[in-house]
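Let me begin by presenting the structure, written as structure tokens, before commenting on it.
The values are calculated or read from the model by the stated rules, or taken from the named source; none is laboratory data. Quick caveat: nothing in here was measured; it's all calculated off a predicted structure. Here the Cβ positions follow ideal geometry from the backbone for every residue, glycine too, while neighbour counts run over all protein chains shown.
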Amino acid sequence: MNASKPSCPRLRREHSALPACRLLAVALLSCNPALADDAVVDGAECTSAGFFAALADVQGSGGGTIGFDCPAPLTVLFDVRRQISSDVAIVADGDVTLTGNGVQALFQVFDDRSLRLRGVRIRDNVGTTQHAIENFGTLTLEDVQVGPNAPSRSLIANYDTLLVRGGVFENNTFSGAGIVPDGAVLTNEGGTATIEDAVFAGNGQTPAASLGGAILVSAGTVVVRRTDFADNRAFDGGAIFVDPAGELRVAGSRFIGNDATYGGAIESQTGVVAIAGSRFVENTAAALGGAIWQRNGGDLAIDTSLFDGNTAGDDGGAVSLLDAAGNASIRNSTFVRNLSAAHGGAVYSASDIQLRASTFHDNEAAADSGGGALYQTGSGAVAILDDVTVVGNRAGYGAGIANFPGAAPGSTIYVQRSIVAANAIDATASGNCAGGEIVSLGYNLSDDTYCGSAFGGDDLLDATLPFLAFGEHGGPTPTLPPAAGSDAIDFVPTAACGIDPVDQRGAPRPAGVACDAGAVEVGAVPAPFDRVFGDGFED
């Protein structure tokens, strides 16, 4: 073991696939003199004992960085959990593996202390009843490969500050006595966890008590940016579960093929969830909420996101909102090809919900159920549709929107400046609206008379409403713009255009002599979408 080696670790070959800005950041970090190795595990010291000696020396000197110069890949077998009482960085190049060898946890980071792991592998931790890494200070994971592991509880528990930058977290499940199958990778118990540019794939399992296939937000805040969640699974929240004391914020991320009984990708129980610029594709719930289930109240905000091909075995093909105490907002988003085996092909809501400047197309509820796009119910719950396009959805009744008020005082749907068209009960009959207490606030269009009891005055029934093909028409999500000759074009007087000066794509309204009804302003050109800062989290 050599001390004070002032060299810069070489860049990993995998970094060549990173964006230019990330490459620059990695290069700067790699050649920062402050990160020069304070101890190097090399030569005959390339053993578990050699690494532990280096760790003890670095901690004994008040902290520092441990590097590696080994002729072959090194596996470090932990015999006891190491407590981090100084600021320590462990920097490798993908050829160092840390394992508890089936019986031991790895690290416990003390309060006000830090551990930074870069370019290491964490795998084959099996059965231990402790978290492999328990953090009460600051834990940073950079380009770390985690999995497969099968402990009895979450691999990582965070109580203070966790930073994840890059890395792959794959095939982490559970085994052993005293199994607590919640959040196979991470349980956030407090503080803030920030996860960026990572991949979580194939984590979790589906016993009846499991919460969050990859992540459990028990308390504190988890912020996720530009991260993929694929094929994770749990009973509740296939990828992520949010407890009442937790908050989840997601931007620029993808949830693909996750699976659960409730909340195929995300489930929140009275927690706070905000999602921006993200995609939910082909997630599945055996019961409620193919992509998201909001349970027992809480707040859900969705902006500039796509829900495509999600499936629920009960209510809410994409999103299910269970309780009248909840509140939801969906803006600038698209729901397409979602499927429910009961009510709400795209969205089932028993909560207050606002849908603004969004598109619902080709969603389907069951043949004996209602609301191909939206099914609203709940005691006193209110749904507001504002500048929304609801076209080409299917259900047994109310193939576009359906309101069945439930217990007194019942629910209400308010609709303004929206298009509800070409929604079908079957191959021969349309049925855009169904149920009671659907109230027009003006300037809506329907191509049939099923909304006749609700639409009137400033609205237009039996309207001529051709559309362009569904797809990319500018902006961050696919849309369905009106085609030439549509009654929706210039239908809304400028004075009634509403408080939002842009359409779903971010294009300005009006583009003509008046505003267009629905989610898209024909002829308006959207500004380029900023996928780095467009999520608004910097505010």
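For region 473-488, give me each residue that is in contact with a strand residue (DSSP E or B) (Cβ under 8 Å, 6 or more places away or on another chain) and either surrounded by fewer than 23 Cβ atoms within 10 Å (Cβ to Cβ) or under 19 Å from Leu441 (Cβ atoms) (or both).
His473, Pro478, Ala483, Asp487, Ala488
Against the condition touching a strand residue (DSSP E or B) at 6+ places or on another chain (Cβ under 9 Å) and at pLDDT below 95, how does Ala381 come out, does it pass?
Judged against the criteria, Ala381 is a match.
Any residue that is at pLDDT 95 or above, under 18 Å from Val390 (Cα atoms) and assigned to a loop (DSSP other than H, G, I, E, B) - is there at least one of those in region 523-539?
So far as region 523-539 goes, no, none of its residues is at pLDDT 95 or above, under 18 Å from Val390 (Cα atoms) and assigned to a loop (DSSP other than H, G, I, E, B).
For region 158-186, what are the residues that are of a type in the set (S, T, N, Q), within 20 Å of the chain's Cα centre (by Cα) and farther than 13 Å from Asn135 by Cα?
Asn171, Asn172
Would you mention how many residues in region 98-123 are within 28 Å of the chain's Cα centre (by Cα) and under 20 Å from Gly176 (Cα atoms)?
Matching residues across region 98-123 total 2.
Determine, yes or no, whether Asp323 is farther than 15 Å from Asp387 by Cβ and at pLDDT 95 or above.
no
Specify which of the listed residues (Phe78, Phe110) is in contact with a helix residue (DSSP H, G or I) (Cβ under 9 Å, 6 or more places away or on another chain) and surrounded by fewer than 22 Cβ atoms within 10 Å (Cβ to Cβ).
Working: Phe110 fails: in contact with a helix residue (DSSP H, G or I) (Cβ under 9 Å, 6 or more places away or on another chain).
Only one candidate passes the filter, namely Phe78.
Among the residues of region 397-413, is there at least one that is assigned to a strand (DSSP E or B), without any contact (Cβ under 8 Å) to a residue 40 or more places away in the chain and in contact with an Asp or Glu (Cβ under 6 Å, 6 or more places away or on another chain)?
Yes, region 397-413 contains at least one residue that is assigned to a strand (DSSP E or B), without any contact (Cβ under 8 Å) to a residue 40 or more places away in the chain and in contact with an Asp or Glu (Cβ under 6 Å, 6 or more places away or on another chain).
Applying the selection to region 67-118, what residues are hydroxyl-bearing (Ser, Thr, Tyr) and within 16 Å of Ile156 (Cβ to Cβ)?
Across region 67-118, the qualifying residues are Thr99, Ser114.
Yes or no: Ser379 surrounded by fewer than 23 Cβ atoms within 10 Å (Cβ to Cβ) and under 18 Å from Asp487 (Cα atoms)?
Details: surrounded by fewer than 23 Cβ atoms within 10 Å (Cβ to Cβ): yes; under 18 Å from Asp487 (Cα atoms): no.
Against the criterion (surrounded by fewer than 23 Cβ atoms within 10 Å (Cβ to Cβ) and under 18 Å from Asp487 (Cα atoms)), Ser379 does not qualify.
If a residue must be part of a loop (DSSP other than H, G, I, E, B), within 18 Å of the chain's Cα centre (by Cα) and crowded, with 24+ Cβ neighbours inside 10 Å, how many such residues does region 299-321 contain?
So the answer is 6.
Name every residue in region 135-150 that is in a strand (DSSP E or B) and acidic (Asp, Glu), in order of residue number. Even if it seems obvious, please write down each step before you answer.
Looking only at region 135-150, we keep the residues that are in a strand (DSSP E or B), and these are 135, 138-142, 145-146, 149-150.
If the condition is that a residue be in a strand (DSSP E or B) and acidic (Asp, Glu), then Glu142 is the only one that fits.
Just need a number here: residues in region 37-70 that are over 18 Å from Leu115 (Cα atoms), surrounded by fewer than 18 Cβ atoms within 10 Å (Cβ to Cβ) and out of contact with any Asp or Glu (no Cβ under 9 Å at 6 or more places or on another chain).
Number of matching residues: 3.
Determine which member of the set Ala342, Ala324, Ala383 is without any contact (Cβ under 8 Å) to a residue 40 or more places away in the chain, in a loop (DSSP other than H, G, I, E, B) and either over 19 Å from Leu445 (Cα atoms) or aliphatic (A, V, I, L, M) (or both). Quick ask: steps written out before the conclusion?
On the way: Ala324 fails: without any contact (Cβ under 8 Å) to a residue 40 or more places away in the chain; Ala383 fails: in a loop (DSSP other than H, G, I, E, B).
Sole residue among the options that is without any contact (Cβ under 8 Å) to a residue 40 or more places away in the chain, in a loop (DSSP other than H, G, I, E, B) and either over 19 Å from Leu445 (Cα atoms) or aliphatic (A, V, I, L, M) (or both): Ala342.
Output the number of residues of region 199-213 satisfying the condition of being in contact with a Pro (Cβ under 6 Å, 6 or more places away or on another chain) and surrounded by 19 or more Cβ atoms within 10 Å (Cβ to Cβ).
1
Quick check on this structure: which one of Asp93, Asp79, Asp124, Asp111 is touching a residue at least 40 places away in the same chain (Cβ under 8 Å) and either among the aromatic types (Phe, Trp, Tyr) or part of a loop (DSSP other than H, G, I, E, B) (or both)? First the steps, then the outcome.
On the way: Asp93 fails: either among the aromatic types (Phe, Trp, Tyr) or part of a loop (DSSP other than H, G, I, E, B) (or both); Asp79 fails: touching a residue at least 40 places away in the same chain (Cβ under 8 Å); Asp124 fails: touching a residue at least 40 places away in the same chain (Cβ under 8 Å).
Testing whether each residue is touching a residue at least 40 places away in the same chain (Cβ under 8 Å) and either among the aromatic types (Phe, Trp, Tyr) or part of a loop (DSSP other than H, G, I, E, B) (or both) leaves just Asp111.
On the basis of being within 22 Å of Ala198 (Cα to Cα), part of a loop (DSSP other than H, G, I, E, B) and in contact with a Gly (Cβ under 7 Å, 6 or more places away or on another chain), does Gly290 make the cut? Outline the logic, then answer.
Working: within 22 Å of Ala198 (Cα to Cα): no; part of a loop (DSSP other than H, G, I, E, B): yes; in contact with a Gly (Cβ under 7 Å, 6 or more places away or on another chain): yes.
For Gly290, the condition - within 22 Å of Ala198 (Cα to Cα), part of a loop (DSSP other than H, G, I, E, B) and in contact with a Gly (Cβ under 7 Å, 6 or more places away or on another chain) - is not met.
Exactly one condition in (1) assigned to a strand (DSSP E or B); (2) more than 16 Å from the chain's Cα centre (by Cα) is not met by Ile330; state its number.
Going through (1) assigned to a strand (DSSP E or B); (2) more than 16 Å from the chain's Cα centre (by Cα) one by one, Ile330 breaks only (2).
So Gly289 passes all but one of these: (1) free of Cβ contacts under 8 Å to residues at least 60 places away in the same chain; (2) touching a Lys or Arg at 6+ places or on another chain (Cβ under 7 Å); (3) at positive phi. Which condition number does it fail?
Only one criterion in (1) free of Cβ contacts under 8 Å to residues at least 60 places away in the same chain; (2) touching a Lys or Arg at 6+ places or on another chain (Cβ under 7 Å); (3) at positive phi is unmet by Gly289, namely (2).
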